[in-house]
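I have placed the structure first, in the form of structure tokens, so that the comments after it can refer back to it.
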Amino acid sequence: MDLSITIGLIKNELNEVDNTVMLCLKRKERRNECITLNLEDVLIDSIASCMHSFYTGVEKIFQLIAIEIDGGLPKSKRWQAQLLDIMVLVLPVRCAVISKKTRIELEQFRQFRHLFRNIYTHNIIPERVMNLCDNLSETWKSTKNDITRFINEMEERDMHDDSIQTKL
């Protein structure tokens, strides 16, 4: 796939994740109202679902990069954790996608997503969900900034490669 198409798909995913984060943060603001109405469990389920979607969207971006730029996904049972590790690396075909700091921040959301997929909803602990949600805005800001920097560097590299090809 052409790099410009890959970057376009990444930008679309960034918009989708951005919308998901905004939705999650709006719902979080309604916690006191939901407690008063005895609907906190519904709110917590909704926020947990949004955070699941947040990490799934970020992982989609990483999968696109791994497949279209790096040449493939990790093949182990722990491929999702390895994918996150790989995004920190500088490879011959690309710069690092995220910083080590962002990787650490995202790890807690990856672990939560795994838990969310493998737990009965009635076993979700509201305070743990809300504590993680407290980190969502900052984690998204770091992630989005890192991915935007990655896009800019890849576009610059692509333009440089095109100008070299033109001269040849």
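The values are calculated or read from the model by the stated rules, or taken from the named source; none is laboratory data. Values in this document were obtained by computation on a predicted structure and should not be read as measured data. Cβ placement follows ideal geometry from the backbone for every residue including glycine, while neighbour counts extend to all protein chains displayed.
Here are the numbers:
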read-out	value
Any hit, segment 87-104, residues being touching a Pro at 6+ places or on another chain (Cβ under 9 Å), closer than 26 Å to ASN19 by Cβ, hydrophobic (A, V, I, L, M, F, W, C) and surrounded by 15 or more Cβ atoms within 10 Å (Cβ to Cβ)	no
Condition check for THR56: over 19 Å from SER137 (Cα atoms) and either of a type in the set (S, T, N, Q) or under 15 Å from the mean Cα position of the chain (by Cα) (or both)	no
Residue check, MET51 loosely packed, with under 15 Cβ neighbours inside 10 Å and aliphatic (A, V, I, L, M)	no
Members of segment 64-73 that are under 16 Å from VAL90 (Cα atoms) and crowded, with 16+ Cβ neighbours inside 10 Å	ILE65, ALA66, GLU68, ILE69, ASP70
Out of CYS50, CYS34, sole residue that is under 17 Å from SER137 (Cβ atoms) and either of a type in the set (A, V, I, L, M, F, W, C) or at pLDDT below 95 (or both)	CYS50
